[in-house]
Every structure is written in structure tokens, then in C-alpha cells.
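Please read the structure below before turning to the comments.
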Amino acid sequence: MVPSVERGRNPGLELSRSATWPCPSDLPWYALQIQAKLGSVASATLRGKGYEEFLPLYRSRRRWSDRIKTLDLPLFPGYLFCRFDVRGRLMPILTTPGVISIVGTGKTPVPIDEEEIEAIRAILRSGVALQPWPFLSVGLKVYIEGGPLRGLEGIITNTDKVCRLIVSVSLLQRSVAVEIDREWARPIFDRMGPRAATPFERPRLMARSG
């Protein structure tokens, strides 16, 4: 018996689409410039349209004259991340309330490094407190081999006697910081991988970050 085919559907076309269209989770991340006060609206609307979006927030305690209030604030004010295929229709994204533009070079959207997004998501999942930080691209690079942030890489700083791991989104020139135990971190070298620094080199290199 020949299998039935739904009226109006072309099975050959369906097979072609499934073979060439990427899975949503395989699509690159892009940064959307948004109106700061409409971040949650843009996020919810894009989610409702079927897009995977990411609006990272952090908790901040603010003091008023009569009370202290905890607020959820955006880690990257004015920006929202979203997965999509730039070869498809962009109007559903650009017409989303609060969305101003897609970040890129000129009129060409530029994807965000997947590892940078995953690093921020990993920090949020860990439950460790984090905060926005001035953009930092130069410094001692480390691999976190202990604690709740195990497996992450970033730049380490030691200011005010507090050790912090700095993770950045290079395209936005923005960074976030999270306090860590210095013993979690092992220095790495760009060309040699995360476990290149020996125990003998470690104290000397870590001292430089201070």
C-alpha cells in the first residue's frame, strides 16, 4: 500500500527543508539593542513568537530612606540575546516591542560567541552572586577547576582584597564579575590549553593578578 500524503504538501520539499534548516538550538546567538525599560516585554514577546531568548538578570539591594529593596536588574542594560537564522525573515524580531536593532557591523548582524553566552548562563545556574563590571579583555587568564563554577575560563582580578572572575561579551564590550576563591583558579596559556600551568608556576602567576 502506498502511504497517503496530506493534500497540498510536497514530501520532497519537507525532506529538503528538514535536511537544510538548522535546529533552533544550533542557531547562533545575536544581541538585540532594546529600550532598557522594555527588556522584559521584548523577552516575553520573542518567547511567545517561538524564539529562544536570553535576558540575564542579577540581584541588587537598593537602599531607600525607609527601607532596603532587592531588585532584579539586567546584567547588560539595553541588550537582549536571541537565537535566530539571519537568512530568514527578520521583521518578526525587529517589530517586537522594545527592540531597536540587531547588533552588528553596519547593517550586517554579527553573532555572539557561543562560549561567552554559555559562561554567563553557567554562572547564573550556579547561584553565585554576580554583577556588571567594566569591560576587561587583558589580564591573567584562568581555568576554574573547583567550586560551583568549575569548567569556566575568564580573567582574574584582585581588587579590594577580593578575588573575582571576569567574563565578557566581546561584541558588546561589556563584562560581568563574580567573586571566587583564589584556590579554585589555575592560570592558563592561550596556546597550551587550560591545564598548562604547573603547580610550581601557579603561585608566581597568581601573584601577578594582585
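FYI, it's all coordinate maths here, none of it is from the lab. Here the structure is a predicted model, which means the values were calculated and not measured. All Cβ positions, glycine included, derive from the backbone under ideal geometry; neighbour counts span all protein chains shown.
Sequence neighbours fewer than 8 away in the same chain don't count; with that in mind, list the lysines whose C-alpha is under 26 Å from Lys37. Once the sequence-local lysines are set aside, what remains near Lys37 is Lys49, Lys69, Lys107.
Take each of the peptides 120-130, 87-97, 164-174, average the number of other beta-carbon atoms within 10 Å over its residues, and list them starting from the highest. If you can, show how the numbers build up before the last one.
Details: 120-130: 15.8, 87-97: 13.1, 164-174: 18.9.
Top to bottom by mean Cβ count within 10 Å: 164-174, 120-130, 87-97.
Under 5 Å between amide hydrogens, built in the peptide plane, is the criterion, and for Ile34 it picks out Tyr79, Leu80, Ile100 among residues at least 5 positions away or on other chains. Here Lys141 is the anchor, and the lysines within straight C-alpha reach of less than 20 Å, apart from those fewer than 8 places off in the same chain, are Lys161.
Volume per residue for the range 48-140 equals 178 cubic angstrom (convex hull of Cα atoms). Applying the criteria of a DSSP loop state and at most 15 other Cβ atoms within 10 Å to the chymotrypsin sites (Phe, Trp or Tyr not before Pro) of the range 81-163 yields Phe135. Annotation for Ala44 and Asp72: the two label points, set 7 Å from Cα along the Cα-Cβ direction, are 1.1 nm apart.
Per residue Cα convex hull volume for the range 30-69, in cubic angstrom?
Details: hull volume 3.8 nm³, N = 40.
Convex hull volume per residue, Cα atoms: 96 Å³.
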